[in-house]
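Step one of this worksheet: look at the structure below.
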Protein chains: 2
Amino acid sequence: MGPTLAEVGEGETLKRIFPRLPHADAELLGPGDDSAVVAAPDGRFAVTTDLMVHGPDFRSAWSSAHDLGVKAAMTNLADVAAMGARPTALVVALAAPLDTPVDVLLGIADGLRDGCGLAAPGCGVVGGDLSASPALMIAVTAFGDLEGRAPVTRSGARPGDQLAVAGDLGRAGAGLWLLFRDGVAADGTPDAARAGEVRAAHPELVAAQLAPVVPIALGVPAALGGATAMLDVSDGLVLDARRLAVASGCSVELDPAAVDLEARALVALDPAVGDRAASFVLAGGEDHALLATFPPGPLPEGFRRIGAVLDRSAAPEVLVGATPYAELGGWDPYAGWTGAAG
Amino acid sequence: MGPTLAEVGEGETLKRIFPRLPHADAELLGPGDDSAVVAAPDGRFAVTTDLMVHGPDFRSAWSSAHDLGVKAAMTNLADVAAMGARPTALVVALAAPLDTPVDVLLGIADGLRDGCGLAAPGCGVVGGDLSASPALMIAVTAFGDLEGRAPVTRSGARPGDQLAVAGDLGRAGAGLWLLFRDGVAADGTPDAARAGEVRAAHPELVAAQLAPVVPIALGVPAALGGATAMLDVSDGLVLDARRLAVASGCSVELDPAAVDLEARALVALDPAVGDRAASFVLAGGEDHALLATFPPGPLPEGFRRIGAVLDRSAAPEVLVGATPYAELGGWDPYAGWTGAAG
């Protein structure tokens, strides 16, 4: 894998990283000074930050460096898009063990470039920081331009609205299930060779987990199309729908026929999901699809209806058809992580 | 120390943290949605990001949680102030081991509040992320308002300019030296009880290292006062002066009498520094003083002259009097960190 960070040093590593990073059209002053300067034409900016840590958030035996860059970009871009904002720029703070090959950092940089290029052309990296650490970690902060519009929050859903989604549901969760089932050694440790076989056999599901591509470009059309509330599905459809319901003081009903359609599409994509398909659709996290509510009428292109907002303000909840859906789903790193890395 | 993160969980921990965080006047939409929204009245924002990791960047035996919050805020605020911008907001991504007491995170939140309150009133935390990790780490991204002015970069110094500084020189480096000398057990491991004794005996120097207070408010007056270049002294006076010199294509001469005055002030503050004083002034890092160049004439209040910019564009360098200063100083986490924590 070539020389390590300890051998190459901070300054030289940064010199190799910078030319690979994507340029941001909004960059007024780029890396190299104490701060960067970014354009915010409407006098405001949207900002979100998200941290990926080796162990709880990814396994090096499963994710390539390029995967990590793509995912770090995408998860943050989704949080910008979910406000109805156009992503403009990222800053990236990265810490890695001293024996990390410099090539790993270059692979992450390439993944950031390709993630931005695929999902948010014109968005790029305007600054960063590099540090040493016992574990590889990537902290991305992303910025967006609201272009004069009000931000689309979680709290604007109203009874009678349609609930709609853009992007995949269940794929990333199914990919993670396959990796935990088949991408491990006999003792349960993540295993690179086995994960490679899983990925070859189930490319869409595993890629959705390790290097998701989210329809970031649909965030702005959603806002323009009258979205009353929006968030990205990071922890599972039901859990994130419940967040929207609670913030808006309404209940949300998922249409059983629509859920069934999603589940059948997942089975058609990869029969390996079998009868778990509906459960992945409802409770699988990390797809980062955009979940939004719209007034009655045609939906913006790319969104499909999966339910409705109901007037049950006393006890906001999520129903599938007439049945409240109690299972929580989602991911609490403080409850769910055993301390294992791999 | 009370319950741990694993016992309390992510959601409840966030609920306890949020009310302690400082409010930002520039906050248009605060925590709780996919992104925050921050005001950027002149259509631009300055942004910087900096990572502090347990081990290479701090020792838990030396720094209290409150210290960490103050330092994380201050190092980032200094990078904003050094552009001539007024700090407006922070986002904070924090990762900690599962067995970390929740009180540690609350202490960090209090330190962020007090750091902002002391150095940049009106600046606050608008968002964040919480994750699990094998090592405690804090990634802060800070924003600033240039209020219509051009950013003060590192590259604008011109021959004939005065070199001036606002804030401490050498204190943080001297504090670190004392901690490494006396704040350790017999085997060299950082030791909390001994560090407490060092701090009681040398309060100014140790506080300058662990919880620095930087004259953030002097960044804007420096810009208004005509600063041609500016940066914060994070890695030592000579090393950062050299960065300014290289970026500006000039050389920088430090005035031996001014350096001597700084060294004598350091000895007067704490005689323990002894004959190392000049070396701390020249090469001690982490004071985060503002180092700026100004055209001839009166300096803005709070700045003191320590040298001049020379016309030696062929080979930018830093001289002390007539003598080139070769020692590098500074801190490369990939070369300087042994992997020890403590």
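Here is how the numbers come out for the structure above:
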{"read-out": "Unmet requirement for B:ALA6, which otherwise passes all of (1) facing another protein chain (nearest Cβ under 7 Å); (2) aliphatic (A, V, I, L, M); (3) touching a strand residue (DSSP E or B) at 6+ places or on another chain (Cβ under 8 Å)", "value": "(3)"}
{"read-out": "Residue check for B:ALA6: closer than 28 Å to A:ARG44 by Cα and either crowded, with 19+ Cβ neighbours inside 10 Å or touching a residue at least 12 places away in the same chain (Cβ under 8 Å) (or both)", "value": "no"}
{"read-out": "Scan of region B:35-47 for residues that are facing chain A (nearest Cβ under 7 Å) and either of a type in the set (A, V, I, L, M, F, W, C) or open to solvent by 10 Å² or more (accessible area, probe 1.4 Å) (or both), ordered by number", "value": "B:ALA36, B:VAL37, B:VAL38, B:ALA39, B:ALA40, B:PRO41, B:GLY43, B:ARG44, B:PHE45, B:ALA46, B:VAL47"}
{"read-out": "Qualifying position, being touching a helix residue (DSSP H, G or I) at 6+ places or on another chain (Cβ under 8 Å), at negative phi and open to solvent by 50 Å² or more (accessible area, probe 1.4 Å), among A:ALA326, A:ALA217", "value": "A:ALA217"}
{"read-out": "Matching residues, region B:69-89, being at the interface with chain A (Cβ under 7 Å from one of its Cβ atoms) and either closer than 15 Å to A:ALA93 by Cα or not in a loop (DSSP other than H, G, I, E, B) (or both)", "value": "B:ASP79, B:VAL80"}
{"read-out": "Region B:131-157: number of residues that are touching a residue at least 40 places away in the same chain (Cβ under 8 Å), touching a Pro at 6+ places or on another chain (Cβ under 8 Å) and surrounded by fewer than 22 Cβ atoms within 10 Å (Cβ to Cβ)", "value": "2"}
{"read-out": "Selection status of A:VAL104, within 14 Å of chain B (Cβ to nearest Cβ) and surrounded by fewer than 24 Cβ atoms within 10 Å (Cβ to Cβ)", "value": "yes"}
{"read-out": "Residue match in region A:171-192 (condition: part of a loop (DSSP other than H, G, I, E, B), open to solvent by less than 40 Å² (accessible area, probe 1.4 Å) and closer than 22 Å to A:ALA289 by Cβ)", "value": "no"}
{"read-out": "In region B:158-170, the residues that are within 17 Å of A:ASP34 (Cβ to Cβ) and open to solvent by less than 10 Å² (accessible area, probe 1.4 Å)", "value": "B:LEU163, B:ALA164, B:VAL165, B:ALA166"}
{"read-out": "Where a residue in region B:97-126 is closer than 15 Å to B:VAL80 by Cα and without any contact (Cβ under 8 Å) to a residue 12 or more places away in the chain and its partner, wherever it lies, is outside any loop (DSSP other than H, G, I, E, B) and hydrophobic (A, V, I, L, M, F, W, C), with Cβ under 9 Å and at least six apart", "value": "B:PRO121/B:ALA217"}
{"read-out": "Complete set of residues in region A:113-125 that are crowded, with 24+ Cβ neighbours inside 10 Å, more than 11 Å from chain B (Cβ to nearest Cβ) and in contact with a Pro (Cβ under 7 Å, 6 or more places away or on another chain)", "value": "A:CYS116, A:ALA120, A:CYS123"}
{"read-out": "Only one of B:LEU98, B:LEU90 that is surrounded by fewer than 22 Cβ atoms within 10 Å (Cβ to Cβ) and in contact with a Pro (Cβ under 9 Å, 6 or more places away or on another chain)", "value": "B:LEU98"}
{"read-out": "Conditions (1) open to solvent by 10 Å² or more (accessible area, probe 1.4 Å); (2) within 16 Å of the chain's Cα centre (by Cα); number of the one not met by A:LYS15", "value": "(2)"}
{"read-out": "Test result for B:ALA195, assigned to a helix (DSSP H, G or I) and surrounded by fewer than 17 Cβ atoms within 10 Å (Cβ to Cβ)", "value": "no"}
{"read-out": "Residue within region A:54-68 that is surrounded by 24 or more Cβ atoms within 10 Å (Cβ to Cβ), more than 7 Å from every other protein chain (Cβ to nearest Cβ), within 17 Å of the chain's Cα centre (by Cα) and in a helix (DSSP H, G or I) present", "value": "yes"}
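Residue-by-condition table, conditions (1) more than 12 Å from chain A (Cβ to nearest Cβ); (2) at pLDDT below 95; (3) within 21 Å of B:GLY30 (Cα to Cα); (4) not in a helix (DSSP H, G or I):
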residue: B:VAL91; (1), (2), (3), (4): no, no, yes, yes
residue: B:GLY111; (1), (2), (3), (4): yes, no, yes, no
residue: B:GLY127; (1), (2), (3), (4): no, no, yes, yes
residue: B:ALA135; (1), (2), (3), (4): no, yes, no, yes
residue: B:PHE143; (1), (2), (3), (4): no, no, yes, yes
residue: B:ARG149; (1), (2), (3), (4): no, no, no, yes
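The values are calculated or read from the model by the stated rules, or taken from the named source; none is laboratory data. What you see is a predicted model; the values in this text were computed from it and never measured. Cβ sites come from the backbone with ideal geometry, for glycine too, and all protein chains shown count toward neighbours. Heavy atoms of the whole protein, side chains included, go into the accessibility calculation; ligands, DNA and RNA do not. Shrake-Rupley method; radii C 1.70, N 1.55, O 1.52, S 1.80 Å.
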